[in-house]
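Undergrad: One structure is given below, represented as structure tokens, and several questions about it will come after.
The values are calculated or read from the model by the stated rules, or taken from the named source; none is laboratory data. On a predicted model such as this, the values are computed, not experimentally measured, just so you know. We place every Cβ from the backbone using ideal geometry, glycine too, and count neighbours over all the protein chains shown. When the accessible area is computed, the model is the full protein with side chains, heavy atoms only, and any ligands, DNA or RNA have been set aside. Shrake-Rupley method; radii C 1.70, N 1.55, O 1.52, S 1.80 Å.
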Amino acid sequence: MKVWLTPEIFNSVALTAISYRWKLLAWSLGGFILFYLLQTQVGTQTPAILIWLTIFILFSALQALVFSAFIFFFQELASNKVQDKIWIRFYRIIEWCETILFGFILPLPTLLFIYALIVI
């Protein structure tokens, strides 16, 4: 059985995007601040475009936060550092759990935004 998502694939993606980790965190923080400021301005007579803009900013900030967390988690695999077989097995289990978790979490903000576009 061929597996599409492995810790090694996530590690290589994280190493490719490692220079963006702090920028993504800063964009995420800025996005959350901008969302809060726009949310305080939203009232009962607000144009729909401003509401969609605030929702887009929120989900963009969430996506940036998730991707920066992904880079931080997979920039270095702990199983590559140790020599003891017991610790390698332990770290591999943790890495596979992180892989499964991020396999679900990475596309989630985008999918939630698309769901919000359809529903609202």
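Undergrad: Give the relative contact order (percent, whole number) for the chain; include only Cα pairs under 8 Å separated by 6+ residues.
TA: For the chain, the relative contact order is 37 percent.
Undergrad: Further question on the same structure: How would you rank 77-84, 11-18, highest first, on the average number of other Cβ atoms within 10 Å across their residues?
TA: Output ranking for 77-84, 11-18: 11-18, 77-84.
Undergrad: Okay, moving on. Can you return the aspartates and glutamates within cross-link range of Lys23? Criterion is Cα-Cα under 20 Å, with same-chain partners fewer than 8 residues away left out.
TA: Candidates past the 8-residue exclusion: Glu76.
Undergrad: Another question about this same structure. With only alpha-carbon atoms counted, please give the Rg and Dmax of the range 1-102, in Å.
TA: 18.7, 64
Undergrad: Determine the calculated [θ] at 222 nm for the chain from helices alone, applying -39500 (n - 2.57) to every DSSP H run no shorter than 4 residues and normalising by the residue count; nearest 500 deg cm²/dmol.
TA: So the helix-based figure for the chain works out to -25500 deg cm²/dmol.
Undergrad: Still on this structure: Given contacts defined as C-alpha pairs under 8 Å and at least six residues apart, what's the relative contact order of the range 24-65, whole-number percent?
TA: 67
Undergrad: Treat each spin label as a single point 7 Å out from the Cα along the C-beta direction, and report the Leu101 to Leu50 distance in nm.
TA: It is 3.9 nm.
Undergrad: Apply the Karplus parameterisation 6.51 cos²θ - 1.76 cosθ + 1.60, with θ equal to phi minus 60°, to every residue of the range 109-120 and state each ³J(HN,Hα) to the nearest whole Hz, in sequence, with x for glycine and proline.
TA: x, 5, 5, 5, 5, 5, 5, 5, 5, 6, 7, 7
Undergrad: Then there's this: Quick one: accessible area per residue over the chain, 1.4 Å probe, rounded to a whole number of Å²?
TA: 71
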